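Read the figures in this text as sums done on the coordinates, not as results from a lab. Note that the coordinates shown come from a computational prediction; the quantities given were computed from them, not determined experimentally. Because the Cβ atoms are built from the backbone with ideal geometry, glycine has one as well, and the counts that use them run over all protein chains shown.
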Amino acid sequence: MLLRCLVLSLILFCGSVFPESPKYLDQGWSLKERAWFYSADQGSRLAPYDIFFSIEQPDSEALFASRANLLSFGFLFQPGNDGVPIGFARNGRELGLTCAACHTSNIEYKGTTIRVDGGAGQSDMAGFLEALGAALQANLEERKFNRMAKRLGANDAKSKEALRERLKRSASERQTYNTVNRSDLVYGFGRLDAFGRIYNRVLQFAKSSDTVAANAPVSYPYLWDAPHHDYVQWVGSTSNAGLGSLARNVGQVVGVFGHVELQSKVPQAGYNSSAQIGELLAIENQLKRLTSPLWPEDVFPPIDRSRIASGRKLFESNCLSCHQDIERKNPTRKIYAQMYGIDLVGTDPKTAVNIVEAKGSTGLLKGKPVHFPVSIERFGETASVNYMLRHLVEGILIQNPARLIQSGVTNAGGLSAGRQGKFPVDPKDPLVALLAYKSRPLNGIWATAPYLHNGSVPTLDDLLLPASKRPKSFKTGSKAFDPVKVGFVSEEGPFTLDTSLPGNKNTGHEYGTNLSDGERASLLEYLKSL
């Protein structure tokens, strides 16, 4: 609680330092397109809209949704958005989350705030969800409840009882979610174990008796170029071919509080859900126009152009074999995933291992076809949760044939067909191919700190050092930028990331780590220019 108070004080102080309206970079979107992306409803149902904006914080009468409180979790606000943070969207009577909550970032430097659309968000999402659950529960206390009821105009006994039941239901949902996903490894800012939490939602919908550990947080991937990749996700698990991109986004909705009904008794009928297929298609289409941000030389120190040529040569000899060149504004650009096995790249393996090894009892899915519309293979007592998730997504999509035909998409690509690189292969178990991490082009990499898939290295300068010389721990949660080391200032922030813990290891990716100080500086200047 003391830490939260200190963060709130810092925010209130900094509120007078950084401008209300950020500086937008040229990333191919208009202001109107940005505003739409920030609040596009994808079908998430986090909490009742009216209750979320009326409950108090557990230890005071201050509203949980106060600007200062939400800022303390790292959420961003858009001028003129009526106090609703970026990435929060209304779904009927419910408030939910959308892509922008985790994929929009601010960078602060000498009094200027830069907005990076599609950037790696820096929110403490897990901390926020825990706090929301605690606040919902606390507001069942009589005095807090009566104040909330008064704010919502529930003055008679009947309306108050109906409100209380809605509050109880929401508090129970969040408590169950938080209990299932609670991890000994605290994520901090800018990270989330999205796969672990999505898997647990799948198991919950299936009424499985099992859960999986959500203890392998990753840095939020940046979104520019995503629709142009053949495979996406840190482990390259999802093909973008055919229905792939839509399937990926539907799976994401399953994880961020979308609702799915698995009670259908007709195998080929599919499942009703809250997923907003039209909005998801529109989001993906707009993302096709999003381009990576260029280093803002009118805000940061200018790039040292005298080092670019030598930096390029160092890039070619140390980076290019994994991180391909692309034309960042080419509308037909195609990016081919380069996958490298966890033993080869040497970075923390926990994310990949958890994804591959997650299994559980199938519950309501027992006896159902593994694939839609109908397949010979059927689920037994237990199954890979990855396959159970795929089944749910296919079931949701089959409910929307008209939308899919209109969008011009067809069959989804296979799990591992076409993936390039050096990764394990087992014909008997295709999931083994996911024991790998993906490299991608480095355009805009300057704006995506911290680095490695698990956010365990604070700056690009640190990443170009041998693992033994990288910071053993550093602070996260600050948006202050270091243009020399290229990353967020890691000496300040509300959370300390300890790289000695499983899931947090900063080992591996020892490429370009034997450069002299001058060579490293030249390579950094080149990376800034991408």
Pairwise Cα inverse-distance average, inverted: Kirkwood Rh of the chain (Å)
24.0
What's the magnitude of the charge dipole for the chain around its Cα centre, counting Lys and Arg as +1 and Asp and Glu as -1 at the beta-carbon? Answer in Debye, nearest 20.
840
5 angstrom amide H check on Leu243, placed H, neighbours 5+ away:
Thr410, Asn411, Ala412, Gly413
For Lys144, counting only lysines whose alpha-carbon sits under 23 Å away and dropping same-chain residues fewer than eight positions off, the answer is Lys158, Lys160, Lys168
Give me the log10 of I(q) over I(0) for segment 268-377 at q = 0.09, 0.15, 0.20 Å⁻¹, as the Debye formula computes it from C-alpha points; what are the numbers?
-0.56, -1.15, -1.25
Please enumerate, by chain and number, the lysines with C-alpha under 19 Å from the C-alpha of Lys368, excluding those fewer than 8 residues away in the same chain.
Lys207, Lys265, Lys359
Can you run the Rg to Rh ratio on segment 446-525? Use alpha carbon positions and the Kirkwood inverse-distance Rh.
0.94
Pairs Lys329/Lys475; Lys479/Lys528; Lys350/Lys528; Lys23/Lys110; Lys110/Lys438: which exceed 23 Å Cα-Cα?
Lys329/Lys475; Lys350/Lys528; Lys110/Lys438
Note: Ser516 to Tyr336 extended length (0.36 nm per residue) minus current alpha-carbon separation gives 61.7 nm
Compute the whole-percent fraction of alpha carbon pairs in segment 479-524 spaced more than 16 Å apart.
61
Apply the Kirkwood formula to segment 65-211: the hydrodynamic radius equals the inverse of the mean of 1/r over all pairs of different alpha-carbon atoms; give it in Å with one decimal.
17.3
FRET E, pair Tyr24, Ser317, Förster distance 35 Å, beta-carbon r, rounded to 0.05:
0.45
Within a Cβ distance under 14 Å of Pro296, other residues only, what is the Lys/Arg minus Asp/Glu net charge?
-1
What residue among Ile114, Leu152, Ala138 has its Cα farthest toward the positive end of the dipole of segment 112-187, where the charges are +1 on Lys, Arg and -1 on Asp, Glu, each on the Cβ?
Leu152
Taking the radius of gyration and the Kirkwood hydrodynamic radius from Cα positions alone, what is the Rg/Rh ratio for segment 179-281, to two decimal places?
0.98
